[in-house]
Amino acid sequence: MLRGCMMDDYPLTLTHLLERAGRLFPKNQIASRGPDGSIFRYDYGAYYKRTHQLANALTGLGLQPGDRVGTLCWNHHRHLEMYFAIPCAGFVLHTLNLRLHTNDLTYIANHAEDKVIFVDRSLLPLLEQFKDQLKSLQKVIVVPDDGPTPDGYTDYEDFIAGQPEEFTYPEIDERAAAAMCYTSGTTGNPKGVLYSHRSTTLHTMSACMTDTLGISERDTVLPVVPMFHANAWGLPFAAVMTGAEMVFPGPNLQPESLLDLMSAEKVSVAAGVPTIWIGILALLDQDASRWDLSTMRTMVIGGSAAPPSMIDGFRQRHGLTVTHAWGMTETNPLGSLARVKRYMDGWSDEQKLAVQGTQGHPVPFVDIRHVADDGTLLDWDGETMGELEVRGPWVAASYYNNDEQADRFTPDGWFKTGDIVTINSDGYIAITDRSKDVIKSGGEWISTVALENALMAHPAVAEAAVFAGRHPKWDERPIAAIVFKPGQQATEDDLAKHLEGNFAKWWLPDAYLFVNEIPKTSVGKFQKLKLREEHGDHLVKQEA
Ligand code: AMP
């Protein structure tokens, strides 16, 4: 091999991104809305100094390189400080999903061995429910978002006060872990995805390409997608690298308050799951004149399929552009984007809409293929369905310290997504089904198996199968099909009460169907597809 004469050893680390924001874009603004609706403003210059202060304070705790530092926080400016201070000081940013049940949070924080946890004061009651069960936890730092920090805890502002505004970065290998997220997107315990500096840096560059999200210095970015969900789709990193202005919504994610924020702060890119956008479209349809969205360049919708009717509604009735994206926690998360290619310019609106309704074609450096059950590679004919597999520099190569699902990583180096798709000759992916037995409600996973196991522990229940029912707002909601033991009965209320306490409220089934038998496959597994075919519209019919 004739080696190239380039600086190939220059490390791709997040420190470079932070340096850019501080040195090149110190005047660009960050706006952060608190729980009371007030907006805190500062610029990247001040952000940079405070992030250095936080990095210094963290270093002073005596943590070891690679130690996990948890965050239990909404989207706000201090969370953005943690996003960079933690990895740039050599530790791992571990964002905890505040929507999970405390049982899951306990498992996750113990599995990750979080040593420090930053928590919003408004979320402290949640942390207090499980903090004493966290074996590695040494320190809790409270972000005073809705009032003063209670006695007995370290206050975030006190923690960084007086620290130097310059920080000497430790030497960081680009392959070192930078951040981690747990995903419940499969059965069993949540699994940790451990991003490296390199994977996050490369993903950031990809997110800024014109043909992907095109984040630039001219943008004002509003991540509605939580910072505890797949790094808010990488937007905080993209904004800091480019100097794009940022707007953080805090805990209030009601459609009206988001529209107020987009309008007042002149947002150009906002990103969230379809549930958020369904609510926003409904309000705009009522009275769009209340908001000025003329600065909006694109609304990124992902996490679940964006319904073509919604994409069309935004475009036709409000002149707003949607970017439909597909990704996973395991892919950092951006994998593909539904862009209409230039040769399609002459196509009818309907044809173009059909393209936008797909999960799109992969972004550069993400390879895709789809595979039959027997491992045969399938043709890109737009018809043959198979499981989507992906690989690339920001795709997980394994789960963190967890072999339970090692079979999702193929021997030849691909990750099995669990999404059943067709791929057409243009490389557009269309999700048709899911092989993983889970439900995605409003962008968050619900484990059917966990609910089934709990239901089958009820004395009257012989069999319980939980499947996804279509829902106009949440996309999917759980429905439980129940077979009672001979001579036994229970009411919906009995079953709901039986589940309560062990699951987050939003996990509880929306409906219970009492049936004589549950359809099964030849090997005796519940046939969820059949249940979905027969009863998938149950909730839609109920609403109507
Ligand atoms: P998560 O790891 O929580 O981001 O979930 C990833 C999964 O969400 C994917 O494997 C898909 O099942 C689903 N998903 C993400 N984006 C889309 C989309 N645009 N359309 C349909 N499903 C999606």
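A short reminder: the numbers here are calculations on the coordinates, not readings from a lab. Because the structure is predicted, anything quoted here is derived from the model rather than measured. In this analysis, Cβ positions are derived from the backbone assuming ideal geometry, glycine residues included, and neighbour counts consider all displayed protein chains.
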Could you tell me whether Ser294 is more than 10 Å from the ligand (Cβ to nearest atom), assigned to a loop (DSSP other than H, G, I, E, B) and either within 30 Å of Val421 (Cβ to Cβ) or not acidic (Asp, Glu) (or both)? yes
Taking the stretch 413-463 on its own, how many of its residues are more than 11 Å from the ligand (Cβ to nearest atom) and within 13 Å of Val371 (Cα to Cα)? 3
Please go through the stretch 316-334 and give me each residue that is of a type outside the set (Ser, Thr, Tyr), more than 8 Å from the ligand (Cβ to nearest atom) and touching a strand residue (DSSP E or B) at 6+ places or on another chain (Cβ under 7 Å), ordered by number. Leu320, Val322, Asn332, Leu334
Could you tell me whether the stretch 373-383 includes any residue that is assigned to a strand (DSSP E or B) and touching a Ser or Thr at 6+ places or on another chain (Cβ under 8 Å)? no
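Residues Glu166, Glu157: which one is touching a residue at least 60 places away in the same chain (Cβ under 8 Å) and acidic (Asp, Glu)?
Just one listed residue meets the conditions, Glu166.
For the stretch 443-519, list the strands (runs of 3 or more DSSP E) that sit wholly inside it and hold at least 3 residues that are of a type in the set (Phe, Trp, Tyr) and over 22 Å from Lys191 (Cβ atoms); which are they? Spell out how you get there, then give the answer.
On the way: elements: 444-447, 461-471, 475-484, 511-514.
Filter on the stretch 443-519 gives an empty set.
Let's see how each residue does on (1) out of contact with any His (no Cβ under 9 Å at 6 or more places or on another chain); (2) not hydroxyl-bearing (Ser, Thr, Tyr):
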| site | (1), (2) |
| --- | --- |
| Leu126 | yes, yes |
| Lys135 | yes, yes |
| Pro150 | yes, yes |
| Phe159 | yes, yes |
| Ile172 | no, yes |
| Gly188 | yes, yes |
| Ser199 | yes, no |
Name every residue in the stretch 520-544 that is surrounded by 14 or more Cβ atoms within 10 Å (Cβ to Cβ), part of a helix (DSSP H, G or I) and not hydrophobic (A, V, I, L, M, F, W, C), in order of residue number. Lys528, Lys530, Arg532, Glu534, His535, His538
Looking for something touching a residue at least 12 places away in the same chain (Cβ under 8 Å) and in a loop (DSSP other than H, G, I, E, B) - is there at least one such residue anywhere in the stretch 37-56? yes
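Go through the residues of the stretch 129-141 one by one and say whether even a single one is among the polar types (S, T, N, Q) and out of contact with any helix residue (DSSP H, G or I) (no Cβ under 8 Å at 6 or more places or on another chain).
Start the filter on the stretch 129-141 by keeping residues that are among the polar types (S, T, N, Q), which leaves 129, 133, 136, 138.
This time we only want the ones that are out of contact with any helix residue (DSSP H, G or I) (no Cβ under 8 Å at 6 or more places or on another chain), so: 138.
Yes, that holds for at least one residue.
Regarding Asp287, is this residue in a helix (DSSP H, G or I), of a type in the set (D, E, K, R), more than 16 Å from the ligand (Cβ to nearest atom) and farther than 19 Å from Ser441 by Cα? Spell out how you get there, then give the answer.
Working: in a helix (DSSP H, G or I): yes; of a type in the set (D, E, K, R): yes; more than 16 Å from the ligand (Cβ to nearest atom): yes; farther than 19 Å from Ser441 by Cα: yes.
Against the criterion (in a helix (DSSP H, G or I), of a type in the set (D, E, K, R), more than 16 Å from the ligand (Cβ to nearest atom) and farther than 19 Å from Ser441 by Cα), Asp287 qualifies.
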For the stretch 178-210, which residues satisfy the criterion of being within 16 Å of the ligand (Cβ to nearest atom) and assigned to a strand (DSSP E or B)? Ala179, Met180, Cys181, Tyr182, Thr183, Lys191, Gly192, Val193, Leu194, Tyr195
Of all residues making up the stretch 498-543, the number that are free of Cβ contacts under 8 Å to residues at least 24 places away in the same chain and under 23 Å from Glu444 (Cβ atoms): 3
